1. Just the residues that are more than 15 Å from residue 177 (Cα to Cα) and outside any loop (DSSP other than H, G, I, E, B), please, taken from region 220-241.
2. Has region 162-179 got at least one residue that is modelled with pLDDT under 90 and assigned to a loop (DSSP other than H, G, I, E, B)?
3. Mind checking whether some residue in region 230-240 is surrounded by fewer than 16 Cβ atoms within 10 Å (Cβ to Cβ) and not assigned by TED's automatic domain parsing to the domain that holds residue 69?
4. Looking at region 324-353, which of its residues are touching a strand residue (DSSP E or B) at 6+ places or on another chain (Cβ under 7 Å), over 23 Å from residue 74 (Cβ atoms) and part of a helix (DSSP H, G or I)?
5. Picking from 26, 76, 96, 87, which residue would you name as being at positive phi and modelled with pLDDT of 80 or more?
6. Within region 133-156, track down each residue that is under 21 Å from residue 343 (Cα atoms) and either over 13 Å from the mean Cα position of the chain (by Cα) or without any contact (Cβ under 8 Å) to a residue 40 or more places away in the chain (or both).
7. For region 300-312, give me the residue count where each residue is assigned to a loop (DSSP other than H, G, I, E, B) and in contact with a helix residue (DSSP H, G or I) (Cβ under 8 Å, 6 or more places away or on another chain).
8. Any idea how many residues of region 259-289 are closer than 16 Å to residue 351 by Cα and assigned to a loop (DSSP other than H, G, I, E, B)?
C-alpha cells in the first residue's frame with residue numbers, strides 16, 4: 001500500500017512539473033507576441049514619421065465668401081444679432097466654404113464704434129459689428145471641447161447658446177474614431193526628446209512629434225496606438241491635410257477686412273483669387289452663367305445698401321460701378337417677389353444656385369460617413385497612411 005502511495009505522489013509531481021513547463025512556454029509565446037507587436041507598431045510609427053516629412057497635402061480648389069459686418073447693425077436686439085450670425089455660419093458649413101471674409105462696407109465712417117481685433121501677432125481696430133460677427137463665426141467653427149481654451153466669457157458670445165450647432169464633421173465626440181482631430185497644445189512640461197502634449201477631446205492626451213507653443217490650435221493625425229498606454233501618439237499636420245486625404249470638410253477660416261478693397265488685397269492665397277463673383281439684383285441672371293475653372297473662388301455679398309455703398313465708401317477703389325470689380329456680376333435671384341433680399345437669405349440662395357455650376361480646377365475626394373467609427377475601448381486605431389506635417393495654425397483671437 002505504501003509503495004502504491006509513493007508511485008501516485010511521483011506521478012502527481014511529474015504532472016505538476018509538466019503543467020508548469022507548458023505554462024512557462026505559453027507565457028514565453030505571449031511575451032514574444034507582445035514584443036513583436038510593439039516592434040511592429042514602433043516601425044510603423046517611424047516609417048509614418050519619415051513619410052510625413054516628404055509628402056505635401058494635395059491642392060484642392062477653394063471657395064471664399066465676403067460678407068459685410070454691418071448687417072448685424074440692422075438687427076433689433078443682441079439675440080437677433082447672434083442668431084443672424086448663426087444663420088450665416090450654418091450656410092457656410094452646409095456649402096463647405098473654406099474662408100469667410102467679414103468686411104467693413106462703411107469704412108469712411110469716423111464715428112463708427114470700433115473694437116480691438118487681434119490675429120496672431122498683429123493687432124488693429126475694426127468696426128465693432130465686423131469683430132462681433134467674426135468672433136461668433138469662429139466660436140461656432142471651433143470644436144466644442146476646445147471652446148473654453150480659445151473663447152473666454154465675452155458679451156458678444158452671451159447668446160450663442162441659442163444657436164443651432166453646426167454639426168461639422170470635425171466636431172468629433174469622444175467616441176468618434178477618426179484619424180484626424182483638432183487640438184490645443186497644453187502647458188505641460190516637455191521631457192527632452194519628446195514632443196508637446198495636446199488635448200484632442202479624447203479621454204487620453206496625445207503626445208505629438210513637435211514642441212509647440214502652449215495655447216495654440218493644431219491639427220493632429222493619430223498614429224497606431226499601443227494598448228494600455230497613458231498617452232496616445234500623433235503627428236502635427238497641415239489643417240488642409242484631413243480634406244486632402246479623406247475629402248472630409250474641415251471647417252472654415254475667418255478674416256476681417258476694413259474695406260472692400262482689402263478683401264482682395266489681403267487675400268491669404270499666393271496668387272490671389274483667380275475668379276471673383278459679385279452678387280446684386282442689378283447683375284446678369286445666374287441662369288445664363290457658365291463658370292470657368294478656378295483655383296480660388298471669391299463670392300462677395302452686399303449689405304443693406306448693396307455693394308454700391310461699399311464701393312462708394314472705399315478710398316482706394318476708384319471704379320464707378322461695382323460690376324467692374326468682378327469677373328462676373330450676377331443676380332442669383334431673378335424675378336424676386338420681395339423688394340429686398342436679406343444678406344443671410346442671399347447667401348443661402350446664391351450658394352444653392354451656384355453650386356451645380358461651379359467648376360473647380362481640383363475637386364476634393366468624396367467623403368463617406370463610414371470613415372468615422374464609434375470607438376468603445378477609448379483606443380484610437382488608424383491604418384491610414386501618415387501624410388505631410390504642415391504648419392501649425394494659430395486660431396485668430398478677438399478681444
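1. In the first step, residues of region 220-241 are kept if they are more than 15 Å from residue 177 (Cα to Cα); the result is 226-231, 235-241.
235, 236, 237, 241 - these are the residues of region 220-241 that are more than 15 Å from residue 177 (Cα to Cα) and outside any loop (DSSP other than H, G, I, E, B).
2. no
3. Pass one, region 230-240, residues surrounded by fewer than 16 Cβ atoms within 10 Å (Cβ to Cβ): 230-231.
Still in the list and also not assigned by TED's automatic domain parsing to the domain that holds residue 69: 230-231.
Checked against the condition, which is being surrounded by fewer than 16 Cβ atoms within 10 Å (Cβ to Cβ) and not assigned by TED's automatic domain parsing to the domain that holds residue 69, region 230-240 yields at least one hit.
4. 325, the sole residue that qualifies.
5. Details: 26 fails: at positive phi; 76 fails: at positive phi; 87 fails: at positive phi.
Result: 96 is the single residue among 26, 76, 96, 87 that is at positive phi and modelled with pLDDT of 80 or more.
6. Restricting attention to region 133-156, the residues satisfying the condition of being under 21 Å from residue 343 (Cα atoms) are 133-141, 156.
Listed by number, the residues that qualify are 133, 134, 135, 136, 139, 156.
7. Result for region 300-312: 4.
8. So the count comes out to 1.
The values are calculated or read from the model by the stated rules, or taken from the named source; none is laboratory data. Keep in mind it's a predicted model, so treat the numbers as computed, not measured. Positions of Cβ are generated from backbone atoms using ideal geometry, with glycine treated the same way; all protein chains shown enter the neighbour counts.
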